[in-house]
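*Asks:* My questions all concern the structure below.
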Amino acid sequence: MRMKNLSYFLHGGLAAIVVMMVLLTASNGAFAQKSAAFLLPGSINDQSWNAEGFKSTERFKGSGWNVTYSENVQAADMVESMRQYARRGADVVVGHSGRFLSAAQRVGPEFPKTLFLIGSGASGSGKNVTSVEYDNAQFGYLMGVLAARMSKTNKIGAVSGLEGLPTVIAQVGAFRKGAMSVRPDIEVKVIYLQSMEDPTAAKEAALSLITRGADVVSGYKGLLRSFVL
């Protein structure tokens, strides 16, 4: 049996960076020749979520920005990492995951002249902390509809990470609803991983879904690319 891949056309974190570039470019030169710092939760060589984030640093450099970055930033280090970059004078500090949101909300008030942007975050806080994200519920619903229409076995699956994360809850829940709106009796299996940066685990989860009969498998953001590769 051949698995059909539902590849995401837009990475939330990458979309956030692109949107930020548009906003800053349109700011009448207020950010001209400024500096930006990127914090990535995983490896820039993961060929997935973090690799996409790293590409954004190259785009900034190409626009004349001074760019620094840190990869594999763990939860325990997020607050201090953001604080250190702000102390060094970074005009923009980017957290390439919604997991950086609480850290940005904590550090933001300490550095009112620094913009803290969270890619794939759920909300903002104050004047200098903001998030950019697409509507996970609508996106998930459409993916569910597509998966159900494509399936021949009436069994579909999804590989996701960080169960309980607001964006994950919205997308996975809508994925189920979308699928059932087309085929009420369809079987939807979801496997949650402990990490968003583990391509081996993502691949194993996808293969597990396939052996259980799923002929269409989706994934949350970069996880899909991980197990496709």
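The values are calculated or read from the model by the stated rules, or taken from the named source; none is laboratory data. Note that the structure is predicted; figures quoted are calculated from it, not measured. For neighbour counting, all protein chains shown are included, and Cβ atoms are generated from backbone atoms with ideal geometry for every residue, glycine included.
*Asks:* Can you tell me how many residues in the stretch 104-120 are in contact with a Gly (Cβ under 7 Å, 6 or more places away or on another chain) and surrounded by fewer than 24 Cβ atoms within 10 Å (Cβ to Cβ)?
*Replies:* 2
*Asks:* I'd like the full set of residues that are of a type in the set (A, V, I, L, M), part of a helix (DSSP H, G or I) and within 15 Å of Gly119 (Cα to Cα), limited to the stretch 52-100.
*Replies:* Met78, Met82
*Asks:* For the condition assigned by TED's automatic domain parsing to the domain that holds Gly119, basic (Lys, Arg) and within 21 Å of Gly161 (Cα to Cα), what is the one hit in Arg59, Arg99?
*Replies:* Arg99 is the lone residue from the list that is assigned by TED's automatic domain parsing to the domain that holds Gly119, basic (Lys, Arg) and within 21 Å of Gly161 (Cα to Cα).
*Asks:* Related question: Within the stretch 199-218, can you find the residues that are surrounded by fewer than 20 Cβ atoms within 10 Å (Cβ to Cβ) and either touching a Phe, Trp or Tyr at 6+ places or on another chain (Cβ under 7 Å) or within 26 Å of Lys152 (Cβ to Cβ) (or both)?
*Replies:* Once the filter is applied, which keeps residues that are surrounded by fewer than 20 Cβ atoms within 10 Å (Cβ to Cβ) and either touching a Phe, Trp or Tyr at 6+ places or on another chain (Cβ under 7 Å) or within 26 Å of Lys152 (Cβ to Cβ) (or both), the stretch 199-218 yields Lys203, Glu204, Leu207, Ser208, Ile210, Thr211, Arg212, Gly213, Asp215.
*Asks:* If you don't mind, another one. Quick one: in the stretch 102-132, of everything that is more than 12 Å from the chain's Cα centre (by Cα) and part of a strand (DSSP E or B), which residue is farthest from Pro166 (Cα to Cα)?
*Replies:* Leu115
*Asks:* Now for a separate question. Could you please tell me which pairs satisfy a Cβ distance under 8 Å, a separation of 6+ or placement on different chains, a first residue in the stretch 180-198 that is surrounded by fewer than 17 Cβ atoms within 10 Å (Cβ to Cβ), and a second residue that is among the hydroxyl-bearing types (Ser, Thr, Tyr) and modelled with pLDDT under 95?
*Replies:* From the stretch 180-198, the pairs are Tyr192/Ser160.
*Asks:* OK, next. Which one of Ser81, Ser70, Ser43, Ser35 is under 28 Å from Ala170 (Cα atoms) and either at pLDDT 85 or above or touching a Gly at 6+ places or on another chain (Cβ under 7 Å) (or both)?
*Replies:* Ser43
*Asks:* Only one of Gly144, Gly157, Gly164 is of a type outside the set (D, E, K, R) and either surrounded by fewer than 21 Cβ atoms within 10 Å (Cβ to Cβ) or within 15 Å of the chain's Cα centre (by Cα) (or both). Can you tell me which?
*Replies:* Answer to the check: Gly164.
*Asks:* Kindly indicate the residue of the stretch 37-51 that is under 11 Å from the mean Cα position of the chain (by Cα) and more than 20 Å from Arg88 (Cβ to Cβ) and also surrounded by the most Cβ atoms within 10 Å (Cβ to Cβ) among those meeting that condition.
*Replies:* Trp49
*Asks:* Next question, about the same structure. Only helices (runs of 4 or more DSSP H) wholly contained in the stretch 133-216 count here; list those with 3 or more residues that are more than 30 Å from Val73 (Cβ to Cβ) and touching a strand residue (DSSP E or B) at 6+ places or on another chain (Cβ under 7 Å).
*Replies:* Result: 136-150.
*Asks:* Pick from the stretch 86-131 the residues that are in contact with a Phe, Trp or Tyr (Cβ under 9 Å, 6 or more places away or on another chain) and among the aromatic types (Phe, Trp, Tyr): which of them is nearest to Ser43 (Cα to Cα)?
*Replies:* Only one residue tops the list, namely Phe100.
*Asks:* Glu80: free of Cβ contacts under 8 Å to residues at least 12 places away in the same chain and more than 30 Å from Ala206 (Cα to Cα), yes or no?
*Replies:* Spelling it out, Glu80 is indeed free of Cβ contacts under 8 Å to residues at least 12 places away in the same chain and more than 30 Å from Ala206 (Cα to Cα).
*Asks:* Among residues belonging to the stretch 52-89 that are closer than 22 Å to Arg106 by Cβ and β-branched (Val, Ile, Thr), point out the one that is surrounded by the most Cβ atoms within 10 Å (Cβ to Cβ).
*Replies:* Filtering the stretch 52-89 for residues that are closer than 22 Å to Arg106 by Cβ and β-branched (Val, Ile, Thr), the one surrounded by the most Cβ atoms within 10 Å (Cβ to Cβ) comes out as Val73.
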